[in-house]
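Notes to accompany the following structure.
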Amino acid sequence: LDSRRVRRIFNNASLECGGRLYGGFWQALSGEERVRDLRIEGGVVASVDFAQLGVTLAYGRVGVAPPEGDLYEVPGLRGRRKGVKQVLNALLAAESALTRYPPKTKDLFPSGRKFADVLDDIHRHHGPIAPLFGTGLSLWMQNVESRVVVSALLRLKQLAVVALPVHDCLVVPVHHAELTKAVMEMTFTEVAGVKVTAVIDRGSP
């Protein structure tokens, strides 16, 4: 519990790659444990994190507004959200074109469905960001994410809100959750140039 100081860790000897905050003891806890067991100033906490972050960042990079609704619901792949999410994020992180299912994703799609067919469906729905697939955006995305989080932390500090960072998530006193959501969304738009939704998890009673 004494590990309360965080630091940014960059990659590839560049301040443009990575930059996430590491070091806080709360980061090793599961999401359920954080909202269940952590207390800030004696009170219960909530976890506020960004929804569909990677895909939204990709749309911001190409300067196009993402489609309305759930970005992981792709026509032709209805009911396969979990699989689409994993494949789509793998496409954005990969440093070369993918020609087969990423590990542990094949079983998330109908038996016999070829990866090429899944890829075609994703390309049709997310055409504007398709040129980014296989270009290795993971460290760039972490860098933008970390800049958003640091800026949001500084703003919340000015508002006397204690917040604990967990990559793209902030843990705050539950009565500050809505304020934190607003600050995170505003900061994301300023830094990334595109709107995103932050989601509040208040845990179970």
Working only within segment 170-181, note down all residues that are under 23 Å from residue 30 (Cα atoms) and open to solvent by 10 Å² or more (accessible area, probe 1.4 Å).
174, 175, 176, 178, 181
Might you check whether a residue that is on the phi > 0 side of the Ramachandran plot, open to solvent by less than 80 Å² (accessible area, probe 1.4 Å) and at pLDDT below 95 occurs anywhere in segment 89-110?
no
Would you check which residues across segment 182-205 are open to solvent by 20 Å² or more (accessible area, probe 1.4 Å) and within 13 Å of residue 150 (Cβ to Cβ) and list them?
190, 191
Of all residues in segment 1-52 being part of a loop (DSSP other than H, G, I, E, B) and within 21 Å of residue 143 (Cα to Cα), which is least open to solvent (accessible area, probe 1.4 Å)?
24
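Which residue, of 172, 166, is β-branched (Val, Ile, Thr), within 14 Å of the chain's Cα centre (by Cα) and within 12 Å of residue 35 (Cβ to Cβ)?
Step by step, each of 172, 166 is checked, and only 166 is β-branched (Val, Ile, Thr), within 14 Å of the chain's Cα centre (by Cα) and within 12 Å of residue 35 (Cβ to Cβ).
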List the residue pairs whose Cβ atoms are under 6 Å apart, where the first residue sits in segment 137-150 and is closer than 15 Å to residue 50 by Cα, the second is open to solvent by 10 Å² or more (accessible area, probe 1.4 Å) and in a helix (DSSP H, G or I), and the two are 6 or more positions apart or on different chains.
141/54; 144/192; 147/191; 148/191
Which one of these does residue 157 not meet: (1) closer than 19 Å to residue 94 by Cα; (2) among the charged types (D, E, K, R); (3) over 16 Å from the mean Cα position of the chain (by Cα)?
(1)
List pairs: first residue in segment 22-43 and closer than 26 Å to residue 11 by Cβ, second residue among the β-branched types (Val, Ile, Thr) anywhere in the structure, Cβ distance under 6 angstrom, at least six positions apart or on different chains.
22/9; 23/6; 24/6; 27/166; 34/171
Looking at 62, 74, 35, which is the one that is hydrophobic (A, V, I, L, M, F, W, C) and under 17 Å from residue 193 (Cα atoms)?
62
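Is one or more of the residues making up segment 127-138 more than 21 Å from the chain's Cα centre (by Cα) and either crowded, with 16+ Cβ neighbours inside 10 Å or assigned to a helix (DSSP H, G or I) (or both)? First the steps, then the outcome.
We begin by selecting, within segment 127-138, every residue more than 21 Å from the chain's Cα centre (by Cα); these are none.
No - not one qualifying residue is present in segment 127-138.
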May I ask you to list pairs of residues, at least six apart or on different chains, whose Cβ atoms are under 6 Å apart, with the first in segment 99-110 being of a type in the set (A, V, I, L, M) and the second being at pLDDT 95 or above?
108/82; 108/83
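The values are calculated or read from the model by the stated rules, or taken from the named source; none is laboratory data. Everything numeric in this text was worked out from a predicted model, so none of it was measured. All Cβ positions, even for glycine, are placed from backbone atoms using ideal geometry, and neighbour counts span all protein chains on display. Areas reflect the complete protein model, heavy atoms only, side chains present, ligands, DNA and RNA absent. Shrake-Rupley method; radii C 1.70, N 1.55, O 1.52, S 1.80 Å.
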